[in-house]
Amino acid sequence: MQGFWEQVWNVRIPIAAVLLFAVGFVTLLLHRNLLKKIIGLNIMDTAAYLMLTSFGYIEGRLSPIIQNGNTDPALYGNPLPAGLVLTGIVVSVSVTAVLLALTVRLYARYHSLNLDEIYAMAQKEHGLG
Amino acid sequence: MERKRSLKERLRDWDADAFDLTNEIAGPMHPAPAALPERPKDAEPEDALAAEDFRVLRRAYPILAALLGLMTVVFLLVAVFDLPPFGAAGTPTDNEVALRYVRDGMTETGAVNLVAGVILDYRAFDTLGESHVLFTALVAVLILLLKAEDPAIDDEGTLTLRQDRIVTTAASILVPIIVLFGLYVILNGHLGPGGGFSGGAIIGAGLILYAVAFGFSRLETKLNLGSFRIICLAALWFYSLSKCYSFFCGANGLHTVFSPGTPGRILSAGLILPLNAAVGIVVACTMYGLFSLFQRGKI
């Protein structure tokens, strides 16, 4: 039992990321409100960033900014995950903006944010219902 | 005088006079349907899957969704236990790539901030694509939300921005500091934490605060759709051109043209400083543009 909890403590950040991912995933699946779905998607993004940045951290090392011209690799953390997360954040901001704009247009047309209602009205409009 | 229309009413009428290309894109074969009549407030919510065929599926959906979520979590948790311990050295991610970046990054790129060196020099194409993703998102929002010019709709947009004493006073003190700090973060991107994306977001936040406090009309003389177009495209063109030369020089021939300089100086690190500035301009414009589009349907 001791070993198990030690193992849990060793991967505490990835576990937190997985739980955060689950929160976002379930929000995305179970809510019918489009805004809440977008919030769920953003929570999932955050979980992915938490996971990625945790890989770049090495205990006792500095952030990857060269201090006093000392380029000893054993002194600094990994600069690569930070760069990848930066890219990811920008992409998620872009996706969120487009999704919100689409939601505004859907609301303007159907006066509803509920996906089921929008779907039903769209079906009726096109004679598929 | 006409009563101030609420946000909901304005959103509802948005489609009527919107800049809407749906008809032209869809062509005469599939004309866009006319706007639906408004439903009474207390109407029964319409249900997409209420039909008899879908009753089982409808009942099962939340259960299936919860099961799917639970399965995902269980599988991910099992997989997570195979990861190396958090914060340990010598993990598979702490490999020769990171070693090379840390050891040679400063001499090769001239950037003290290794993250800036990685994203704007070694992996500059990645960041180029990223800036274009941001720009494409802005264009998509522009297509979706840009309204036709209509003098009947007042300039301050869908939400009435009240000229609040507290907000204007705070903004008049804070906005110069915020913009100055954003400039510092952009220009210091190769020397310390920061860079184009974070600095651009800070400047964008400053512009948004200014617009909220004093109204869009004051910013509009400088930041309208025309100047917006020129600024964003100039920044993106500069970025694209300054990174295309590595096609011709070979990926590692960059520093024969632009010397990395003395690491630690403000004018060093070759092209990283101007690239940071270009990215910062695009990000600041995009932040303000998105806010303005969501707020009042135009820039």
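Please enumerate the residues belonging to region B:94-118 that are surrounded by 16 or more Cβ atoms within 10 Å (Cβ to Cβ) and under 28 Å from A:VAL11 (Cα atoms).
B:ASP94, B:ALA98, B:TYR101, B:VAL102, B:LEU114, B:VAL115, B:VAL118
Could you grab the pairs with beta carbons closer than 7 Å, sequence gap of 6+ or different chains, first residue in region B:188-212 and on the phi < 0 side of the Ramachandran plot, second one surrounded by 22 or more Cβ atoms within 10 Å (Cβ to Cβ) and assigned to a loop (DSSP other than H, G, I, E, B)?
Matching pairs, first to second residue: B:ASN188/B:GLY194; B:GLY189/B:GLY195; B:HIS190/B:ALA111; B:HIS190/B:VAL112; B:HIS190/B:ALA269; B:LEU191/B:VAL112; B:GLY196/B:GLY189; B:GLY199/B:GLY189.
Name every residue in region B:190-233 that is in a loop (DSSP other than H, G, I, E, B), under 19 Å from the mean Cα position of the chain (by Cα) and crowded, with 18+ Cβ neighbours inside 10 Å, in order of residue number.
Those that are in a loop (DSSP other than H, G, I, E, B), under 19 Å from the mean Cα position of the chain (by Cα) and crowded, with 18+ Cβ neighbours inside 10 Å: B:GLY194, B:GLY195, B:LEU223.
Working only within region B:92-109, note down all residues that are among the hydroxyl-bearing types (Ser, Thr, Tyr) and without any contact (Cβ under 8 Å) to a residue 12 or more places away in the chain. Give the derivation first.
So the first thing to find is which residues in region B:92-109 are among the hydroxyl-bearing types (Ser, Thr, Tyr), and the list is B:93, B:101, B:107, B:109.
If the condition is that a residue be among the hydroxyl-bearing types (Ser, Thr, Tyr) and without any contact (Cβ under 8 Å) to a residue 12 or more places away in the chain, then B:THR93 is the only one that fits.
Only one of (1) more than 30 Å from B:SER131 (Cβ to Cβ); (2) within 10 Å of chain B (Cβ to nearest Cβ) is not met by A:ASN33, so which one is it?
Condition not satisfied by A:ASN33: (2).
When the residues of region B:68-94 are narrowed to those that are more than 8 Å from every other protein chain (Cβ to nearest Cβ) and at pLDDT below 80, which ends up nearest to the chain's Cα centre (by Cα)?
Selected residue: B:PRO92.
Given the residues B:ALA18, B:ALA34, which is the only one that is outside the structural domain of B:LEU293 (by TED's automatic domain parsing), touching a Lys or Arg at 6+ places or on another chain (Cβ under 6 Å) and either at pLDDT below 80 or over 30 Å from A:ASN33 (Cβ atoms) (or both)?
Of the residues listed, the single one that is outside the structural domain of B:LEU293 (by TED's automatic domain parsing), touching a Lys or Arg at 6+ places or on another chain (Cβ under 6 Å) and either at pLDDT below 80 or over 30 Å from A:ASN33 (Cβ atoms) (or both) is B:ALA18.
Within region B:230-274, can you find the residues that are touching a helix residue (DSSP H, G or I) at 6+ places or on another chain (Cβ under 8 Å), among the aliphatic types (A, V, I, L, M), modelled with pLDDT under 85 and farther than 15 Å from B:TYR122 by Cβ?
Those that are touching a helix residue (DSSP H, G or I) at 6+ places or on another chain (Cβ under 8 Å), among the aliphatic types (A, V, I, L, M), modelled with pLDDT under 85 and farther than 15 Å from B:TYR122 by Cβ: B:VAL257, B:ILE266, B:LEU267, B:LEU273.
Residues A:ALA120, A:ALA82: which one is facing another protein chain (nearest Cβ under 7 Å), over 25 Å from B:PHE135 (Cα atoms), of a type in the set (A, V, I, L, M, F, W, C) and crowded, with 18+ Cβ neighbours inside 10 Å?
After ruling out the rest, the residue left standing is A:ALA120.
Can you find even one residue in region A:85-94 that is at pLDDT 85 or above, more than 26 Å from B:LEU144 (Cα to Cα) and surrounded by 17 or more Cβ atoms within 10 Å (Cβ to Cβ)? Show your work before the answer.
In the first step, residues of region A:85-94 are kept if they are at pLDDT 85 or above; the result is A:85-94.
So of that shortlist, the ones also more than 26 Å from B:LEU144 (Cα to Cα) come out as A:85-86.
Applying the additional criterion that residues be surrounded by 17 or more Cβ atoms within 10 Å (Cβ to Cβ) yields A:85-86.
Yes, region A:85-94 contains at least one residue that is at pLDDT 85 or above, more than 26 Å from B:LEU144 (Cα to Cα) and surrounded by 17 or more Cβ atoms within 10 Å (Cβ to Cβ).
Return the only residue of A:LEU75, A:LEU52, A:LEU28 being touching a strand residue (DSSP E or B) at 6+ places or on another chain (Cβ under 9 Å) and either more than 7 Å from chain B (Cβ to nearest Cβ) or touching a residue at least 40 places away in the same chain (Cβ under 8 Å) (or both).
Answer to the check: A:LEU75.
Can you name the condition, by its number, that A:ASP72 falls short on among (1) acidic (Asp, Glu); (2) over 26 Å from the mean Cα position of the chain (by Cα); (3) closer than 29 Å to B:PHE291 by Cβ?
If we test A:ASP72 against (1) acidic (Asp, Glu); (2) over 26 Å from the mean Cα position of the chain (by Cα); (3) closer than 29 Å to B:PHE291 by Cβ, just (3) comes out false.
The values are calculated or read from the model by the stated rules, or taken from the named source; none is laboratory data. The structure displayed is predicted, hence computed values, not measured ones. Methodologically, a virtual Cβ is constructed for each residue, glycine included, from the backbone with ideal geometry; neighbour enumeration extends over all protein chains shown.
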